[in-house]
Amino acid sequence: MNSPIIIGNWKMNFNASESLVLARLITQSIIQQKIDSVEVIICPSFDALVHVGEILSAARISLGAQDVFWQEKGSYTGEISASMLRAAGCSYVIVGHSERRKYMRETDEDINKKIKTALDSGLVPILCVGETLEERREGHADLVLIRQVIHGLQGIQLKKGDRIIVAYEPVWVIGTGQGIDAESEKRAIQVIRQALIDLQPASQAISQTRIIYGGSVDETNIEDYISLPEVSGALVGTASLTHDSFIRLIKRIA
Ligand code: PGA
């Protein structure tokens with residue numbers, strides 16, 4: 001049985017020294033409380049990656065980045081490559097978060113290129129998919145998920161050892177403290193799983209791709225969200241920003 005995955009996405013909330021303080025607290029708690037049954041991944045901002053990674057390694061917490069560019073090198077001002085992230089100690093990278101789709105106008109095509117680069121460099125991409133409230137109200141939620149999974153992973157042949165995490169994050173739930181009901185979550189996860197099976201041989205789609213849930217996950221609801229057998233963990237924003245709330249959340253499932 002794989003351990004559940006908990007990913008803390010710190011977004012643009014901390015500078016490097018603030019990130020170090022939080023990383024130290026989380027690392028200490030994981031060690032002291034002997035939490036080893038949960039795969040914890042922390043995604044700080046780029047400036048904090050190297051030093052946060054060094055601290056996290058003491059507790060075997062993995063390091064992830066919040067984005068990557070698809071080119072390897074060159075005149076791409078402001079961007080960061082997959083090999084740079086590897087050199088900074090990352091094993092994971094979030095791709096296609098709804099905030100990037102919204103504010104940076106990232107398209108499924110951009111996201112597809114990022115996922116390919118990430119896999120080629122040995123990073124595990126965390127592909128975020130999810131419908132907006134408008135898309136849901138118009139009855140298009142399933143279509144949006146299918147499009148984002150199929151286009152995001154178009155042309156990708158998973159090699160032995162490659163892994164992908166798909167995070168279902170209903171956009172209208174992120175950062176709101178609202179929840180999604182169990183039936184809607186279940187349906188969305190089934191739609192995503194079927195899209196994955198349509199893309200890859202079924203055995204690969206299941207063994208190399210894990211699906212997690214994200215959107216206002218905290219210590220009070222984590223068990224409900226990951227109780228579906230198909231859901232392998234959670235992508236956590238707000239509740240990962242303080243040591244206490246993050247550790248309490250992890251302990252609920254440890
Ligand atoms: P939230 O963020 O937990 O604050 O809803 C989740 C995310 O954006 O990944």
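Side notes on the structure shown:
- Criterion violated by Pro170 - all others in (1) within 26 Å of Cys90 (Cβ to Cβ); (2) surrounded by 22 or more Cβ atoms within 10 Å (Cβ to Cβ) satisfied: (1)
- Tally, over the range 114-133, of residues that are assigned to a helix (DSSP H, G or I) and over 17 Å from the mean Cα position of the chain (by Cα): 2
- Checking each residue in the range 204-230 for being within 15 Å of the ligand (Cβ to nearest atom) and within 17 Å of the chain's Cα centre (by Cα) picks out Ile211, Ile212, Tyr213, Gly214, Gly215, Ser216, Val217, Asp218, Ile222, Tyr225, Ile226.
- None of Gly130, Gly155 is of a type in the set (Gly, Ala, Ser), touching a residue at least 40 places away in the same chain (Cβ under 8 Å) and open to solvent by less than 30 Å² (accessible area, probe 1.4 Å) except Gly130.
- Selection of the range 71-121 for residues being within 16 Å of the ligand (Cβ to nearest atom) and either open to solvent by 90 Å² or more (accessible area, probe 1.4 Å) or β-branched (Val, Ile, Thr) (or both) yields Val93, Ile94, Val95, Lys102, Tyr103, Met104, Ile111.
- The range 232-245 residues that are more than 16 Å from Gln28 (Cα to Cα) and within 6 Å of the ligand (Cβ to nearest atom), paired with ones that are modelled with pLDDT under 95 and open to solvent by less than 40 Å² (accessible area, probe 1.4 Å) (beta carbon under 7 Å, 6 or more apart): Gly237/Ile174
- Any hit, the range 222-245, residues being among the β-branched types (Val, Ile, Thr), more than 16 Å from Val40 (Cα to Cα) and assigned to a helix (DSSP H, G or I): no
The values are calculated or read from the model by the stated rules, or taken from the named source; none is laboratory data. Keep in mind that this is a model prediction, so the values were computed, not measured. Counting neighbours? That spans all protein chains shown, and the Cβs are built from the backbone with ideal geometry, glycine included. Remember, those area values only see protein heavy atoms, side chains included, never the ligands or the DNA or RNA. Shrake-Rupley method; radii C 1.70, N 1.55, O 1.52, S 1.80 Å.
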